[in-house]
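Below is one structure; the comments refer to it alone.
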Amino acid sequence: MAQVLEEKAVCPHCGQKLNKWSTPTFNFADGLGWCSTFLYICFNDECTFFKNSWKHMSDTYGQEMGYRFMLHPDSGEASSLPCGSKYAMKGDIIDEIKEAQEKADLEARKKAFQALTDYYISKDVDSLLKVLMDEEGFGSVRVKAAEHLGEIGELRAAEPLSNYRCVNEVIQKKIAESVQKIHKKNFTMECPYCAEIIKIRAKICKHCGKELTA
Ligand SMILES: [Zn+2]
Ligand SMILES: [Zn+2]
């Protein structure tokens, strides 16, 4: 008896893949508990084990109940789980698709953050801009990209940042902060008339020719 791998958790009676079922916090029956956060259960209503148990309990004891096939994930021990109806306990099936999706998301986010750190260290402004403007990307990653652009402070990032409009307010706010940071670092500003980038000390805008009052 050994640990059962998820892909090997198959019902021997019907061949269906077993579902992970979260165990109740209380112990029932033997009082020992299952010492596991989940069990593998066959939730196939057409499973011969389930159907026969139902018939057996009804014929022998006149009871309306049955058993589902159960496999302990740690020991590989096969057993049965009593249930009062077809629908009993199905609410505790761990949604594996959701679980897998969450795991994949977590992994992708981790990778994206790692890439960001690399871009930051190598001052890769273009890649950071690309990450920031990727609307399919993770919000938290995009905010961080905007922040990094402000920290790096390269003037050439100011214009694309200023021109970019994001519906996400958190990202938009971070962009505005970073634009300010970049201008501060470079002693620059946006001309109030034409929005081109000029020196803070300029008296006349070199782009639109307007006089700037200090
Ligand atoms: Zn089965
Ligand atoms: Zn101007």
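Select from region 52-77 the residues that are assigned to a helix (DSSP H, G or I) and touching a residue at least 12 places away in the same chain (Cβ under 8 Å) and write down the one among them that is nearest to ligand 1 (Cβ to nearest atom).
Ser53
Only one of these is modelled with pLDDT of 95 or more and of a type in the set (Asp, Glu): Glu169, Glu135, Glu196, Glu177. Name it.
Every option except Glu177 fails the conditions.
Limited to region 185-214, what total is found for residues that are of a type outside the set (A, V, I, L, M) and in contact (Cβ under 8 Å) with a residue 24 or more places away in the chain?
4
Which one is surrounded by the fewest Cβ atoms within 10 Å (Cβ to Cβ) among residues in region 75-106 that are touching a strand residue (DSSP E or B) at 6+ places or on another chain (Cβ under 7 Å) and of a type in the set (A, V, I, L, M)?
Selected residue: Ile94.
Test Pro160 against the stated conditions and say whether it is within 16 Å of ligand 2 (Cβ to nearest atom) and either out of contact with any Phe, Trp or Tyr (no Cβ under 9 Å at 6 or more places or on another chain) or of a type in the set (A, V, I, L, M, F, W, C) (or both). Even if it seems obvious, please write down each step before you answer.
On the way: within 16 Å of ligand 2 (Cβ to nearest atom): no; either out of contact with any Phe, Trp or Tyr (no Cβ under 9 Å at 6 or more places or on another chain) or of a type in the set (A, V, I, L, M, F, W, C) (or both): yes.
No.
The values are calculated or read from the model by the stated rules, or taken from the named source; none is laboratory data. All values reported here derive from a predicted model rather than from experimental measurement. Positions of Cβ are backbone-derived with ideal geometry, glycine not excepted, and every protein chain shown enters the neighbour counts.
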